[in-house]
Amino acid sequence: MGALLAIRLGYRFIDTGAMYRAVTWAVLRDQIDYEDEERVSRVAYATQIEVTSGDNSGDPRIMVEGQDVTWELRTRAIEQGVSRVSRFSGVRQAMVARQQEFASHGKIIMAGRDIGTVVLPTADLKIFLTASAEERANRRFRDMALQRQPVELDQVLEELLHRDKLDTERANSPLRPADGAHILNSDGIPLTQVVEHILTLAGGD
């Protein structure tokens, strides 16, 4: 959705969740224990992550040390590890600094779980997009099916609920609506309709 908004407005789009997934990918690549906070944080600071313009859909490409890992970031291994990696303050500090640097170079739409509260607390427009766990699990299940990743819907839902619990209860940048955010529930609403509503809030066409 953020990519579609960016196309309509002529902005750059950054999916910060993909950046945390990129760190997780590097941690797995280097076979680092998820509980080793020092080494995991060191990877976050040291790993070169680039977010480049993608195809006509507007979806960005994620490069790690020059390697395109965009599709690999949606595997179950990454899905299961990203909340464990992103809970560490060192990892979040490294990513937030880079995200704020991205935002300093022109107009941007940034998606993530702590954008309005931590990364860009003075953003012109803050949207807290919600949906039921069941709705989000169904969307994720369909995405994984398109990528031919064998998984059961119940398993996707269980992992999603576990990630929500970790992200809302973590000490560093917990998931919550930012002050002044517009809270939008997207259950049963087509993507295009959600995009149009946000464009109205942004004063776009």
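Tell me yes or no: at least one residue of region 121-133 is assigned to a helix (DSSP H, G or I) and out of contact with any Asp or Glu (no Cβ under 9 Å at 6 or more places or on another chain). Full working, then the answer.
Step one: filter region 121-133 for residues assigned to a helix (DSSP H, G or I), giving 133.
Add one more test, that the residue is out of contact with any Asp or Glu (no Cβ under 9 Å at 6 or more places or on another chain), and what stays is none.
No; the residues of region 121-133 include none that is assigned to a helix (DSSP H, G or I) and out of contact with any Asp or Glu (no Cβ under 9 Å at 6 or more places or on another chain).
Among (1) of a type in the set (Lys, Arg); (2) part of a loop (DSSP other than H, G, I, E, B); (3) touching a residue at least 60 places away in the same chain (Cβ under 8 Å), which single condition is Arg148 missing? All conditions are met except number (3). Criterion first (closer than 24 Å to Leu120 by Cα, touching a Ser or Thr at 6+ places or on another chain (Cβ under 8 Å) and either without any contact (Cβ under 8 Å) to a residue 60 or more places away in the chain or crowded, with 20+ Cβ neighbours inside 10 Å (or both)) does Val51 satisfy it? Against the criterion (closer than 24 Å to Leu120 by Cα, touching a Ser or Thr at 6+ places or on another chain (Cβ under 8 Å) and either without any contact (Cβ under 8 Å) to a residue 60 or more places away in the chain or crowded, with 20+ Cβ neighbours inside 10 Å (or both)), Val51 does not qualify. For region 165-188, check the following and say yes or no: at least one residue is in contact with a His (Cβ under 6 Å, 6 or more places away or on another chain), surrounded by 11 or more Cβ atoms within 10 Å (Cβ to Cβ), touching a residue at least 40 places away in the same chain (Cβ under 8 Å) and not aromatic (Phe, Trp, Tyr). No, there is no match, as no residue in region 165-188 is in contact with a His (Cβ under 6 Å, 6 or more places away or on another chain), surrounded by 11 or more Cβ atoms within 10 Å (Cβ to Cβ), touching a residue at least 40 places away in the same chain (Cβ under 8 Å) and not aromatic (Phe, Trp, Tyr). Glu79 meets each of the listed conditions (1) farther than 30 Å from Thr192 by Cα; (2) acidic (Asp, Glu); (3) modelled with pLDDT under 95 apart from (1).
Here Val156 fulfils each of the conditions (1) hydrophobic (A, V, I, L, M, F, W, C); (2) without any contact (Cβ under 8 Å) to a residue 60 or more places away in the chain; (3) touching a Phe, Trp or Tyr at 6+ places or on another chain (Cβ under 6 Å); (4) not in a helix (DSSP H, G or I) apart from (4). Taking the criterion of being at negative phi and in a loop (DSSP other than H, G, I, E, B), the residues of region 177-205 that qualify are Pro177, Ala178, Asp179, Ala181, Ser186, Asp187, Ile189, Pro190, Gly204, Asp205. The residue that is farthest from Arg12 (Cα to Cα), counting only those in region 119-141 that are surrounded by fewer than 19 Cβ atoms within 10 Å (Cβ to Cβ) and among the β-branched types (Val, Ile, Thr), is Thr130. Residue-level check: of (1) surrounded by fewer than 18 Cβ atoms within 10 Å (Cβ to Cβ); (2) in contact with a Phe, Trp or Tyr (Cβ under 6 Å, 6 or more places away or on another chain); (3) modelled with pLDDT under 95, Ile14 misses just (1). Quick check: is even one residue across region 114-132 in contact with a strand residue (DSSP E or B) (Cβ under 8 Å, 6 or more places away or on another chain), among the basic types (Lys, Arg) and within 26 Å of Gln93 (Cα to Cα)? Yes, because at least one residue in region 114-132 is in contact with a strand residue (DSSP E or B) (Cβ under 8 Å, 6 or more places away or on another chain), among the basic types (Lys, Arg) and within 26 Å of Gln93 (Cα to Cα). Take the conditions of a type in the set (A, V, I, L, M, F, W, C), within 13 Å of the chain's Cα centre (by Cα) and either modelled with pLDDT of 95 or more or assigned to a strand (DSSP E or B) (or both) and apply them to Ile109. Does it pass? Here the answer is yes, as Ile109 does meet what is asked.
Is there a residue in region 66-75 that is aromatic (Phe, Trp, Tyr) and either over 15 Å from the mean Cα position of the chain (by Cα) or surrounded by 17 or more Cβ atoms within 10 Å (Cβ to Cβ) (or both)? No; the residues of region 66-75 include none that is aromatic (Phe, Trp, Tyr) and either over 15 Å from the mean Cα position of the chain (by Cα) or surrounded by 17 or more Cβ atoms within 10 Å (Cβ to Cβ) (or both).
Which residue, of Val82, Val118, Val40, Val64, is in contact with a Lys or Arg (Cβ under 9 Å, 6 or more places away or on another chain), over 13 Å from Tyr20 (Cα atoms) and touching a residue at least 40 places away in the same chain (Cβ under 8 Å)?
Val118
The values are calculated or read from the model by the stated rules, or taken from the named source; none is laboratory data. Not measured: the values here are computed from a predicted model. Positions of Cβ are generated from backbone atoms using ideal geometry, with glycine treated the same way; all protein chains shown enter the neighbour counts.
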